[in-house]
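> Encoded as structure tokens, here's the structure I'll be asking about.
The values are calculated or read from the model by the stated rules, or taken from the named source; none is laboratory data. Keep in mind the model is a prediction, meaning the values are calculated, not measured. With ideal geometry, Cβ positions are generated from the backbone for all residues, glycine too; neighbour counts draw on all protein chains shown.
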Amino acid sequence: MRYPIAPLFCRPWTLNGITPRLIESHYEHNYGGAVARLNAIAVELETLDPGATPPETISRLKRDELTALNSTLLHELYFASLGGDGRTLPGIVASAIARDFGSVDRWRQEYVALASALAGSSGWVLLTYVPRDRRLINQTASDHGENIVGGIPILALDMYEHAYQLEFGANAAAYVAAFMRNIDWNAVQARFDDASKVVPPRPLEQKQFAELPSITAEEIKAMLDSGTPVQIIDTRPKHYSTRAQDMMEGAIWRDPERVDEWIGELSKEKPVVTFCVYGFHIGCETAATLRKAGFDARYMAGGHYAWKAIKGPVKLFA
Ligand SMILES: [Fe+2]
């Protein structure tokens, strides 16, 4: 693989307070340097014999490759972040930012704060879209290597000194202000558009229970915290429950194989939640049985361990 140089995305002569000289030097030396390093590492990796090379050597090369590749990608995004007036946010990206940060002003304050914190050191300030949560988040990435897994950066500010020292000296604040004045929000929105089409990681799919309503551990916790009446039944199988040490606070254990014996204890006036160890089968089957009998029943997704993972209160198993 040979990594090509991307043409400069922004038009340097249109920038306000950032000179073509600065962009040219940055593009040629720092971006060009990253691509050259990346290609040199790629050649080294292709030509070595992975079976006969010390693992530490391969590991070091792969780390260097990560650094050079991220530097390449982030520089391309940086040059593609410039070229606008910095002020006018088109509607879609403006409302996404307002939704995820409270307001555009709050977003700007946090973003600039992250940049200020990097004055005199080095790193990137990114606005990143996270498909898992379908939301935007600001982040700092030091050493080109701390990007959010699966995240798609749509705006990048380079806070390495090479990005500004030539024109701004040590005045990082003036450089950050100039960057903010030159953000190309139309380009950011176009990238946001593309990023939001990326589907989130596949959730757990349980085809046989697709029609069965579930509830999350967080939702149940909120119900309990607010005093909403709910009947919670721990239906972990008997062979499992004999070695269980704890159970969800507010739940009672009932043997899932003897539903007929305890179904009469339940009230049809209050919702019922069932759960098993991980939420795959027994809790679902019990909920389905209860629904057939006319109860407003659902199963807790993720089961006992999801409850533990959200730090829901537990009591000794009894
Ligand atoms: Fe740079």
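> Considering only the stretch 131-160, state which residues are modelled with pLDDT under 95, away from the ligand (no atom under 14 Å from the Cβ) and of a type in the set (D, E, K, R).
GLU146
> Here is a follow-up. Taking the stretch 114-129 only, how many residues are touching a helix residue (DSSP H, G or I) at 6+ places or on another chain (Cβ under 9 Å) and free of Cβ contacts under 8 Å to residues at least 60 places away in the same chain?
Residues of the stretch 114-129 touching a helix residue (DSSP H, G or I) at 6+ places or on another chain (Cβ under 9 Å): 115-116, 118-129.
Those left that are additionally free of Cβ contacts under 8 Å to residues at least 60 places away in the same chain: 118-126, 128.
Number satisfying all stated conditions: 10.
> Inside the stretch 127-144, can you point out the residues that are of a type outside the set (S, T, N, Q) and in contact with a Ser or Thr (Cβ under 6 Å, 6 or more places away or on another chain)?
The answer is ILE137, HIS144.
> Here is a further query. Being crowded, with 16+ Cβ neighbours inside 10 Å, of a type in the set (Val, Ile, Thr) and within 29 Å of the chain's Cα centre (by Cα) is the filter here; which residues of the stretch 273-313 pass it?
Hit for the stretch 273-313 is VAL277, nothing else.
> Can you report the number of residues in the stretch 161-188 which are within 12 Å of the ligand (Cβ to nearest atom) and more than 17 Å from VAL112 (Cβ to Cβ)?
4
> If a residue has to be of a type in the set (A, V, I, L, M), more than 16 Å from the ligand (Cβ to nearest atom) and assigned to a helix (DSSP H, G or I) to count, how many in the stretch 73-106 make the cut?
Applying the first criterion (of a type in the set (A, V, I, L, M)) to the stretch 73-106 yields 73-74, 77, 80, 82, 89, 92-94, 96-98, 104.
Okay, now just the ones that are also more than 16 Å from the ligand (Cβ to nearest atom), so 89, 92-94, 96-98, 104.
After this cut, where a residue has to be assigned to a helix (DSSP H, G or I) as well, the list is 92-94, 96-98, 104.
Counting residues in the stretch 73-106 that are of a type in the set (A, V, I, L, M), more than 16 Å from the ligand (Cβ to nearest atom) and assigned to a helix (DSSP H, G or I) gives 7.
> Checking LEU15 against (1) free of Cβ contacts under 8 Å to residues at least 12 places away in the same chain; (2) surrounded by 13 or more Cβ atoms within 10 Å (Cβ to Cβ); (3) more than 30 Å from the chain's Cα centre (by Cα), only one condition comes out false. Which one?
Against the list (1) free of Cβ contacts under 8 Å to residues at least 12 places away in the same chain; (2) surrounded by 13 or more Cβ atoms within 10 Å (Cβ to Cβ); (3) more than 30 Å from the chain's Cα centre (by Cα), LEU15 comes up short only on (1).
> Give me the residue from the stretch 276-317 that is in a helix (DSSP H, G or I), hydrophobic (A, V, I, L, M, F, W, C) and touching a helix residue (DSSP H, G or I) at 6+ places or on another chain (Cβ under 8 Å) and, out of that set, nearest to MET248 (Cα to Cα). Working first, answer last.
Step one: list which residues in the stretch 276-317 are in a helix (DSSP H, G or I), which gives 282-292, 303-309.
Narrowing further to those that are hydrophobic (A, V, I, L, M, F, W, C): 282, 284, 287-288, 290, 306-307, 309.
Retained after the next criterion (residues that are touching a helix residue (DSSP H, G or I) at 6+ places or on another chain (Cβ under 8 Å)): 282, 284, 288, 290, 306-307, 309.
Values: ILE282: 16, CYS284: 17, ALA288: 21, LEU290: 20, ALA306: 11, TRP307: 7, ALA309: 12 Å.
It comes out as TRP307.
> For the stretch 89-117, which positions are aliphatic (A, V, I, L, M) and touching a strand residue (DSSP E or B) at 6+ places or on another chain (Cβ under 7 Å)?
First pass over the stretch 89-117, keeping only residues aliphatic (A, V, I, L, M): 89, 92-94, 96-98, 104, 112-115, 117.
Residues satisfying the conditions are ALA96, ILE97, LEU114, ALA115.
> Let me ask something else. If GLU205 satisfies every condition in (1) of a type in the set (D, E, K, R); (2) away from the ligand (no atom under 16 Å from the Cβ); (3) touching a residue at least 12 places away in the same chain (Cβ under 8 Å) but one, which is the exception?
(3)
> Another question, if that's okay. Which of the residues spanning the stretch 1-59 are more than 16 Å from the ligand (Cβ to nearest atom), of a type in the set (A, V, I, L, M) and part of a helix (DSSP H, G or I)?
The answer is ALA40, ILE41, ALA42, VAL43, LEU45, ILE58.
> Please tell me if PRO90 is more than 22 Å from MET159 (Cα to Cα) and touching a residue at least 40 places away in the same chain (Cβ under 8 Å).
Values: more than 22 Å from MET159 (Cα to Cα): yes; touching a residue at least 40 places away in the same chain (Cβ under 8 Å): yes.
The answer is yes for PRO90.
> Kindly indicate whether TYR78 is out of contact with any strand residue (DSSP E or B) (no Cβ under 6 Å at 6 or more places or on another chain) and not β-branched (Val, Ile, Thr).
Working: out of contact with any strand residue (DSSP E or B) (no Cβ under 6 Å at 6 or more places or on another chain): no; not β-branched (Val, Ile, Thr): yes.
It is false that TYR78 is out of contact with any strand residue (DSSP E or B) (no Cβ under 6 Å at 6 or more places or on another chain) and not β-branched (Val, Ile, Thr).
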